[in-house]
Amino acid sequence: MMDADPLILTLAFDEPTFARLNGERRRYFPEALNHIPAHATLFHHLPGDRERGVIEAITALARTVPTPEVTVTGLRFTGRGVAYVLESDALSNFRARLAQGFAPHLTAQDRQGWRPHVTVQNKVAPDKARALHADLSAGFAPFRFAAPATLLWRYRGGPWDAVARLPFGEND
């Protein structure tokens, strides 16, 4: 029997970007709630019982897409946390094409508009989040990074289990 726990698709960052964002997540996210590394979610819930087909579809499309460049354009105050805002036409197009293919299987959350971001703080008091947003905004300058791959995970209610790294372009 295949595993029905849902799959999550996130974006891989280049090493310096991951070190920066994951370092901030470890520093600012409540330790007891921080079970996963810094990530930008492309899909929150893909069908776990179709893992092979999901991997094949993502791999086939990702191979046709050169490594996307992503711009971190600013910070978003989320009410009880802070996130970095991401922009990339290439990545948005990639996600839209995947969404078309996965349309019958998408949850309401994954069908709604996609607002790519990396959360570095969540589930804190609003005043604490507001203070971090102000602090990080004061020293913020936009920056870019390369997204070499997507990462597929299995959601099991807490920490995620890594399933596959699916690179962009022809690199393996």
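With a sphere of radius 15 Å drawn around the Cβ of residue 70, what net charge do the other residues whose Cβ falls strictly inside it have (Lys, Arg +1; Asp, Glu -1)? Its environment carries a net charge of -1.
Against the criterion of solvent-accessible heavy-atom surface with a 1.4 angstrom probe, 51, 87 sort, most first, into 87, 51. Working ranking of peptides 39-49, 152-162 by packing, defined as the average number of other Cβ atoms within 10 Å per residue, highest first, is 39-49, 152-162.
All C-alpha to C-alpha distances of the chain, sorted into 10 Å bins beginning at zero, yield P(r) values of 10, 37, 36, 15, 2, 0 percent in whole numbers. Close amide-amide hydrogen proximity is noted between residue 12 and 149, 150, 151, each under 5 Å apart and 5 or more residues distant or on a separate chain (H modeled in the peptide plane; Pro and chain starts excluded).
May I ask for the net charge around residue 80, where only other residues with Cβ less than 13 Å from the Cβ of residue 80 are counted and Lys, Arg are +1 while Asp, Glu are -1?
+3
Angle of helix 51-62 to the longest C-alpha principal axis of the chain, folded into 0 to 90 degrees and rounded to 10: 80°. For segment 64-109, the convex hull spanned by the alpha carbon atoms encloses 92 Å³ per residue.
Reported value for segment 17-82: 134 Å³ per residue, from the convex hull of its C-alpha atoms. The Rg/Rh ratio for segment 40-131 is 1.04, where Rg is the radius of gyration of the alpha carbons and Rh is the Kirkwood radius. Here the dipole of the chain is about 480 debye; that uses its Cα centre as origin and unit charges on the Cβ of Lys and Arg (positive) and Asp and Glu (negative).
The values are calculated or read from the model by the stated rules, or taken from the named source; none is laboratory data. Here the structure is a predicted model, which is why all the values come from computation and not from measurement. For neighbour counting, all protein chains shown are included, and Cβ atoms are generated from backbone atoms with ideal geometry for every residue, glycine included. To get the accessible areas, we keep the full protein, side chains included, count just its heavy atoms, and leave off ligands, DNA and RNA. Shrake-Rupley method; radii C 1.70, N 1.55, O 1.52, S 1.80 Å.
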